[in-house]
Each structure stands twice: as structure tokens, then as C-alpha cells.
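Asks: Please read through the structure below; I'll follow up with questions.
The values are calculated or read from the model by the stated rules, or taken from the named source; none is laboratory data. Keep in mind it's a predicted model, so treat the numbers as computed, not measured. Cβ sites come from the backbone with ideal geometry, for glycine too, and all protein chains shown count toward neighbours.
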Amino acid sequence: MRNLFLTAIFLMVSLNIHAQIVLEALGGNEQAHYINYIEKDLDSNAKWNFFNLNRFTVDYRDNALNTVSIEGQLTYQFKPWLGISAGGGFYGELFVPSIGLSLSYLNKKEDFFIQMYPTVGIAEGQFVASVLGLMGYTPKFSESWGLSSQIIFSIDPVEATQIVRIGANYKDKIQFGAGIDMLQRFQTKTFNFNLGPFVRFNF
């Protein structure tokens, strides 16, 4: 599995094929939250793709609440909306390899998209089902300005996360506005809420 990740990263860096790179930072009332993700076609037909999502949080009061999440999926698309995926995630000290599907939708205006990865992974010797997804709506108001709205969500047997961003979009290069991070842990029945301004850069 690690060799698969290394191969995908090598291809992503070495091939001169379209990629989207997003960097985002949020200064919340409880935590600072850094997000970046990369989507890259690995061939000219867009059959092979690589997706990587990295998230880091820094808690202002308790370093024990800092988190790291690194997730990657290598996909093969049978159709523009359907593919298979293999990859995994690193969460602090735990690595979870996974396999599943790649589901996506993009409307004709290309201002609304949904991308989901329903997968089954192996964590501590047990099979674990999870879903990672992104949803965005970015209608234009003028040639330069528009709305930016995005949700990143994930759910597994342990917790559910929703990352909501809404604000302004300038030339599809910079977005800024307000963001909410919500984390619900099922076993402890705790709910964390983090609210603040965000800024995002697209490359």
C-alpha cells in the first residue's frame, strides 16, 4: 500500500498534467485549521486520478486536542461519474488502508460538484466503512466575482466531521468568508464547534 502511495506521488510530481491545488486556513474561536487538497489527472484521458486531502488543527488551549489527518486515493474511472479507488488515511499514529468507489458529479455550468469516496478500510484488525466527500457551489455574479460555498464531510463508526465554508470568490483564485468546523464523536457523545474567518488559494 505504501508503494502505491509513493508511485502515485511520483507520477503526480513528474507528469505535466492538469492538477488542482487548494490551500486554506481558518482562524476559529477554538482552533486554527489548515487544509490543503490536490486533485490530479495522471493520464491524458483522465482515467487515472489522484486525490489527497490533508488537515491539521491547532487548539489554542490544549495541545492534546491538536489533530492531523492525511488521506489519499488513487482512482480509476470507468465513467466520468464512477470509478474504483484504493488508498488510505493516516490519523496521528494510525494508518488505515482502504478500497472502495469514486463517485462524482459536475453540472453543465461547472459551478456545482459532488465528489465522494465510500470505502472499506482495515483499522486495528477490523473492517471499517467510511465516506469522505466534497461538495461545492460557486455561481458567478460577474466576470471576476462570485459565491464560494463548500462542504467537506466524513463519517465512520467513530466520528462524523462537517467542514462548511461560505463567502466570496475572486477570479476562482482566492476565496474568503466564514467557516464552521463541526466534529461529533459517537462513543463519548461530544460535539465540537469551531467558527471563524477563512481564506483559500487555488493554484
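Asks: VAL68 fails exactly one of the following numbered conditions: (1) within 22 Å of ILE151 (Cβ to Cβ); (2) surrounded by 17 or more Cβ atoms within 10 Å (Cβ to Cβ). What is the number of that condition?
Replies: So VAL68 meets the others, but not (2).
Asks: Looking at GLN20, GLN31, which one is within 30 Å of PHE193 (Cα to Cα), at pLDDT 85 or above and exposed (fewer than 14 other Cβ atoms within 10 Å of the Cβ)?
Replies: GLN20
Asks: Return the pairs, sorted by first residue and then second, in which the second residue is in a loop (DSSP other than H, G, I, E, B), the first residue lies in region 34-54 and is of a type in the set (Ser, Thr, Tyr), the beta carbons are less than 8 Å apart, and the residues are 6+ apart or on different chains.
Replies: Partner pairs satisfying both residue conditions: SER44/ILE17.
Asks: Scan region 6-17 and tell me whether some residue there is in a strand (DSSP E or B), on the phi < 0 side of the Ramachandran plot and either among the β-branched types (Val, Ile, Thr) or at pLDDT 90 or above (or both).
Replies: No, every residue in region 6-17 fails to be in a strand (DSSP E or B), on the phi < 0 side of the Ramachandran plot and either among the β-branched types (Val, Ile, Thr) or at pLDDT 90 or above (or both).
Asks: Another one. How many residues are touching a Ser or Thr at 6+ places or on another chain (Cβ under 8 Å), of a type in the set (Phe, Trp, Tyr) and farther than 25 Å from HIS33 by Cβ if we restrict to region 77-120?
Replies: Number of matching residues: 1.
Asks: Which one of these does VAL131 not meet: (1) hydrophobic (A, V, I, L, M, F, W, C); (2) touching a Pro at 6+ places or on another chain (Cβ under 8 Å); (3) surrounded by 16 or more Cβ atoms within 10 Å (Cβ to Cβ); (4) at pLDDT below 95?
Replies: Going through the list (1) hydrophobic (A, V, I, L, M, F, W, C); (2) touching a Pro at 6+ places or on another chain (Cβ under 8 Å); (3) surrounded by 16 or more Cβ atoms within 10 Å (Cβ to Cβ); (4) at pLDDT below 95, VAL131 breaks only (4).
Asks: Something else now. If you scan region 129-167, which residues turn out to be closer than 18 Å to ILE35 by Cα and either of a type in the set (S, T, N, Q) or without any contact (Cβ under 8 Å) to a residue 12 or more places away in the chain (or both)?
Replies: SER148, SER149, GLN150, SER154, THR161, GLN162
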